[in-house]
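Colleague: First, the structure itself, so that you have it in front of you.
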Amino acid sequence: MPKYHIWTIGCQMNKAESERLGSCFEELGYHLTDDAGEADLIVLNSCVVRQSAESRVINKLQALKALKKTKPDTVLALTGCLVNSEIDQLKKSYPHVDHFFKPGDSPPWLERADSEITLPQQPSPAVFVPIIQGCDNFCSYCIVPYRRGRERSRAVSEITGEVRELVCRGAREVTLLGQNVDSYGHDLPGRPDLADLLAGLNDIDGLARIRFLTNHPKDMSPRLIEAVAGLDKVCEMISLPVQSGSNEILKAMRRDYTVEQYRELINLIRRKIPGVALSTDVIVGFPAESDSQFRQTADLLSEIKFDTVHVAAYSPRTGTLAEREFEDNIPPPEKKERLNIIEQLQEKIAAEINTRLLGKTVEILVEGKTRGKWQGRTRTDKLVFFSDSNNHQGQMVKIRVNKTSPWALQGKIETTENQEE
Ligand code: SF4
């Protein structure tokens, strides 16, 4: 029985694409293995969004050189954002890799007769569904538009058909993915938007929850906010990367909004969607970011109080505008210091937000078990753990929260769906 191994790093888009590749290989008779050493087929799904991610991919590629020497018949393929238009150059650098294919493309050696996407036979209760590939924004620091190309939306009918099928096979929650989901549909006939897509998905029987990632503050429309507020299956959570609390830095980043506009958008979201959970992304140590500009970012986070903040230290990416035009002049220890300050600040804020849930009952969709405990998420994306000897996989259960931390909640099961009926 041939075996496959997929190594994935990076964003949810990569994870979703790896899942699909896995389904494709299973359909062809391959079995999954966690051990690259025993695989007949190895796929590395790469990320280059930060230098640290790219270095890990390169280390992995080097490590697999030895394996390829001892097992030359193993097929090794590279996909993800390291695969750019210069495939010939990649072939020269990594001659031990058999195939290179761009993110979102089908593996070239498969030559499937149909171009249909393979869906998992037994999807997990919460699945990712890409709805738009690429990005047209060209934020000055970001490599994604150069690697994933211009925006390409999938047709509404294709996405709804796919979600229907996933629900038939057991999925109950979908997260719609795109680098910028707010651009969804502008390249399709009739120009449907994300609000239209959400309305269509909301009608699917058996589907319980819908989420979407990631929004761009300059593109998020009031119509979308109304859709989230009005559609019962769309969860009260918005991911809205701010990146910096300084207007000068936002300008250098080419984000095309100001802190004031961002704040207004957050106010509108909070007014229209009561109880909404907010998450954001922040970059610290952008070229020439002064102490006071960094402080403005920290102050904005203290003011808005996001449920989740993903923080990264700036690293120049070859080929981007920021790399060409700005000197990477914040010393690494200073970047680290700023990163730690944001992490500690957010830890306190998240602890406060989560403590308010102590003693409350929350509903979660159980996604599986980790270290002997069931785990699932609330509509507001809070991770919840509980222990119980019964099988709750894929069930909606109610949990009385008896312990909180900045990162997760724990509790006791109160009711399951069947008990409620
Ligand atoms: S919106 Fe900006 S940060 Fe996001 S993928 Fe596009 S270019 Fe990159």
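The values are calculated or read from the model by the stated rules, or taken from the named source; none is laboratory data. Fair warning: this is a prediction, and the values are worked out from it, not measured in the lab. Virtual Cβ from ideal backbone geometry, glycine too; neighbours counted across all protein chains shown. Only protein heavy atoms, including side chains, enter the accessible area calculation; ligands, DNA and RNA are left aside. Shrake-Rupley method; radii C 1.70, N 1.55, O 1.52, S 1.80 Å.
Colleague: Give the stretch 137-147 a look and list any residue that's more than 6 Å from the ligand (Cβ to nearest atom), at pLDDT below 95 and in a loop (DSSP other than H, G, I, E, B), or say none.
Modeller: Correct list: ILE143 only.
Colleague: Related question: Could you go through the stretch 156-171 and let me know if any residue there is within 15 Å of the ligand (Cβ to nearest atom) and touching a residue at least 60 places away in the same chain (Cβ under 8 Å).
Modeller: Taking every residue of the stretch 156-171 in turn, none turns out to be within 15 Å of the ligand (Cβ to nearest atom) and touching a residue at least 60 places away in the same chain (Cβ under 8 Å).
Colleague: Please count how many residues of the stretch 184-207 are surrounded by 20 or more Cβ atoms within 10 Å (Cβ to Cβ) and either within 14 Å of the ligand (Cβ to nearest atom) or within 16 Å of CYS235 (Cα to Cα) (or both).
Modeller: Final tally of qualifying residues: 6.
Residue by residue, here is whether (1) in a helix (DSSP H, G or I); (2) more than 20 Å from ALA126 (Cβ to Cβ); (3) at pLDDT 95 or above holds:
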residue	(1), (2), (3)
SER157	yes, yes, yes
THR160	yes, no, yes
THR175	no, no, yes
HIS186	no, yes, yes
ASP205	no, no, yes
ARG211	no, no, yes
ASN215	no, no, yes
LEU224	yes, yes, yes
ASP232	no, no, yes
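Colleague: Checking ASN84 against (1) within 16 Å of the ligand (Cβ to nearest atom); (2) within 19 Å of the chain's Cα centre (by Cα), only one condition comes out false. Which one?
Modeller: Unmet for ASN84, out of (1) within 16 Å of the ligand (Cβ to nearest atom); (2) within 19 Å of the chain's Cα centre (by Cα): (2).
Colleague: Go through (1) touching a Ser or Thr at 6+ places or on another chain (Cβ under 6 Å); (2) within 16 Å of the ligand (Cβ to nearest atom); (3) among the polar types (S, T, N, Q); (4) open to solvent by 10 Å² or more (accessible area, probe 1.4 Å) and name the single condition SER244 misses.
Modeller: Going through the list (1) touching a Ser or Thr at 6+ places or on another chain (Cβ under 6 Å); (2) within 16 Å of the ligand (Cβ to nearest atom); (3) among the polar types (S, T, N, Q); (4) open to solvent by 10 Å² or more (accessible area, probe 1.4 Å), SER244 breaks only (4).
Colleague: Taking interchain pairs and intrachain pairs at least six residues apart, which have beta carbon atoms under 9 angstrom, with the first residue in the stretch 85-98 and farther than 20 Å from TYR146 by Cα and the second buried (at least 16 other Cβ atoms within 10 Å of the Cβ) and of a type in the set (S, T, N, Q)?
Modeller: Sorted first by the residue in the stretch 85-98, then by its partner, the pairs are ASP98/THR74.
Colleague: Follow-up. Out of all the residues in the stretch 276-286, which are surrounded by fewer than 20 Cβ atoms within 10 Å (Cβ to Cβ) and either within 16 Å of the ligand (Cβ to nearest atom) or modelled with pLDDT under 95 (or both)?
Modeller: SER279, ASP281
Colleague: Among the residues of the stretch 113-134, is any within 12 Å of the ligand (Cβ to nearest atom), more than 18 Å from ARG211 (Cα to Cα) and touching a residue at least 24 places away in the same chain (Cβ under 8 Å)?
Modeller: yes
Colleague: Still on this structure, please answer the following. So, of the residues in the stretch 385-396 that are without any contact (Cβ under 8 Å) to a residue 60 or more places away in the chain and touching a Lys or Arg at 6+ places or on another chain (Cβ under 7 Å), which turns out to be nearest to ALA126 (Cα to Cα)?
Modeller: PHE385
Colleague: Further, regarding this structure: Hand me the list of helices (runs of 4 or more DSSP H) wholly inside the stretch 3-104 holding 3 or more residues that are open to solvent by 10 Å² or more (accessible area, probe 1.4 Å) and over 27 Å from PRO123 (Cβ atoms).
Modeller: 51-70, 87-93
Colleague: Would you mention how many residues in the stretch 247-264 are hydrophobic (A, V, I, L, M, F, W, C), in contact (Cβ under 8 Å) with a residue 40 or more places away in the chain and within 15 Å of the ligand (Cβ to nearest atom)?
Modeller: Residues flagged as hydrophobic (A, V, I, L, M, F, W, C), in contact (Cβ under 8 Å) with a residue 40 or more places away in the chain and within 15 Å of the ligand (Cβ to nearest atom) within the stretch 247-264 amount to 3.
Colleague: Considering each residue of the stretch 149-173, count those that are open to solvent by 10 Å² or more (accessible area, probe 1.4 Å) and under 20 Å from ASP187 (Cβ atoms), and give that number.
Modeller: Result for the stretch 149-173: 13.
Colleague: Considering every residue within the stretch 317-324, establish whether at least one is of a type in the set (Ser, Thr, Tyr), surrounded by fewer than 19 Cβ atoms within 10 Å (Cβ to Cβ) and more than 30 Å from ALA195 (Cβ to Cβ).
Modeller: yes
Colleague: Sticking with this structure for a sec: Given the criterion among the basic types (Lys, Arg) and assigned to a helix (DSSP H, G or I), identify the matching residue among ARG164, ARG191.
Modeller: ARG164
Colleague: Against the definition (of a type outside the set (D, E, K, R), within 16 Å of the ligand (Cβ to nearest atom), out of contact with any helix residue (DSSP H, G or I) (no Cβ under 6 Å at 6 or more places or on another chain) and open to solvent by 30 Å² or more (accessible area, probe 1.4 Å)), how does ASN180 come out, yes or no?
Modeller: no
Colleague: Next question. For the stretch 257-275, give me the residue count where each residue is of a type in the set (Phe, Trp, Tyr) and either at pLDDT below 95 or under 22 Å from the mean Cα position of the chain (by Cα) (or both).
Modeller: 1
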